[in-house]
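Right, one structure below, let's go through it.
The values are calculated or read from the model by the stated rules, or taken from the named source; none is laboratory data. In this text, all values refer to a predicted model and were calculated from it rather than measured experimentally. Here the Cβ is made from the backbone with ideal geometry for all residues, glycine too, and neighbour counts use every protein chain on show. Areas reflect the complete protein model, heavy atoms only, side chains present, ligands, DNA and RNA absent. Shrake-Rupley method; radii C 1.70, N 1.55, O 1.52, S 1.80 Å.
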Amino acid sequence: MGAAGYAGLGLIQLLNNHKEAEVVWASSEEAHAGRKLSEIRPAIFGLTDIVCSAPDISGLIDKADVIFFALPNGLAMKWAPKVLAKGKKVIDISADFRIRDLAEYSDWYKIQHASPDLVKEAVYGLPELFSDRIKKASLIANPGCYPTASILGAAPLLKHKLVDPDSIIIDAKSGVSGAGMALTDITHFPECNENVRAYGVASHRHNPEIDQILGDVAGSKLRTSFTPHLMPMNRGILATIYADLQEKVPAEEIHLIYKGFYKDAAFVRVLDKGKLPATKYVSGSNYCDINIVVDERVGRVVVLSAIDNLIKGAAGQAVQNMNLICGLDEKAGLDRMPLYP
């Protein structure tokens, strides 16, 4: 559901090349009902004949094993119970099932949750941290794009208690596609071209999600300072994460810790010493590139984490989660090189 948006279209593109998957139904807004998706989004012309249906799940439940919700916040929570009651798997790309504290969800998203009992059942879909739980789940809360880059970047520091948990500062920069297809005052071309701006300072809705999962990793609640920036590019996120070291630790030792932490992670690449992540090097892929630098002068570690916000930050991670819950190879449909240059 939501096949014509950036995340939904990304799913169509990935699943179209997935040898173990077939897209049997797709919906979009009422205005697109009855039209071929390729008419709405010409990038897939000649590659799929899927026709957009109206957003009504009554006709799809018996056809599908997995239903992806790529909808605005507040909608999946209404549809998911009906799908789950039929024994189907749900992967939600919105934020509806990410925040466990319902009061906190309501505070940040200004929505009263329609399916509070399902929030307890949902598994946070970050495979590098929770693959065992994902494999057994029926409802996956696909992580946000900023949280994906930020959590993957900071998790090893907290797991190994290398840093003061309350010292973490995240400065993240994203391409304009992260804002979705709906225009706003800051996403018009003259506003974003040749311009860099911060937004959602101390108020971005991904902050509680980051804090919740990093708190899980650390074993106690924490609060991060998170500031996102809009960049004049189509796609990609680069998160720069700063944290105070608990004690003096050589960069080489921290680098080895990261290597060990992600040794079995198919889509996390801990780069060689001196090689810094960049959005261009992960574009179009499900990879997250990470590296660390220790600033000995101030006793601080700097982590850089880069992803494609539409792939690892949305559709690619959703397919990775589908692979896990369906018992498929985790890399199926995703094992491709980044698009460069």
Span from the the range 46-91 Cα centroid across to the the range 7-43 one, whole angstrom: 12
Residue list for the range 12-29, given a label point 7 angstrom along the Cα-to-Cβ vector of R35 and an amide N cut-off under 14 Å: 27-29
Ordering of 209-218, 181-190 by packing [mean C-beta count within 10 Å, highest first]: 209-218, 181-190
Virtual paramagnetic centre 7 Å along Cα→Cβ of D62, amide N under 15 Å, in the range 76-93: 86-87
Inter-label distance for K82 and K19, nm, one decimal - labels placed 7 Å from Cα along Cα-to-Cβ: 3.6
Helix-only CD estimate at 222 nm, as mean residue ellipticity for the chain, using -39500 (n - 2.57) per DSSP H run (n ≥ 4): -8500 deg cm²/dmol
Sulfur and carbon atoms: percent of accessible area, the range 184-265 [1.4 Å]: 50
Calculated FRET value between K331 and K259, using beta carbons and R₀ = 22 Å, to 0.05: 0.70
Normalised contact order of the range 231-297, rounded percent, pairs of Cα under 8 Å and 6 or more residues apart: 36
Debye-sum result for the range 212-335 in log10 I(q)/I(0), which assumes one identical scatterer on each alpha carbon, at q = 0.17, 0.18, 0.19 Å⁻¹: -1.04, -1.14, -1.24
Spacing of the two label points (7 Å from each Cα toward its C-beta) at I169 and K120, in nm: 4.1
Carbon + sulfur, % of accessible area of the range 83-181 - ligands and nucleic acids excluded, 1.4 Å: 48
DSSP beta bridge pairing in the chain, given as percent antiparallel to the nearest 5: 55
FRET efficiency estimate (nearest 0.05) - Cβ-Cβ, K159 to E247, R0 22 angstrom: 0.85
Peptides 238-245, 313-320 ordered by average Cβ neighbours within 10 Å, highest first: 313-320, 238-245
Residue pairs, from the table K86/K120; K63/K136; K221/K259; K78/K280; K36/K89, whose Cα atoms sit over 28 Å apart: K78/K280
Loop sites in the range 36-69: chymotrypsin sites (Phe, Trp or Tyr not before Pro), DSSP, at most 13 other Cβ within 10 Å: F45
Spatially proximal aspartates and glutamates relative to K88 (Cα-Cα < 13 Å; intrachain offsets below 8 disregarded): D62, D65
Whole-number percent relative contact order across the range 1-101, with pairs defined as alpha carbons under 8 Å at least 6 apart: 24
For the chain: relative contact order, % (alpha-carbon pairs under 8 angstrom, 6 or more apart): 18
Whichever aspartates and glutamates have a C-alpha closer than 12 Å to that of K275, once near sequence neighbours (fewer than 8 apart) are set aside: D289
Gain in span if fully extended, E191 to A54, counting 0.36 nm per residue against the direct Cα distance: 46.0 nm
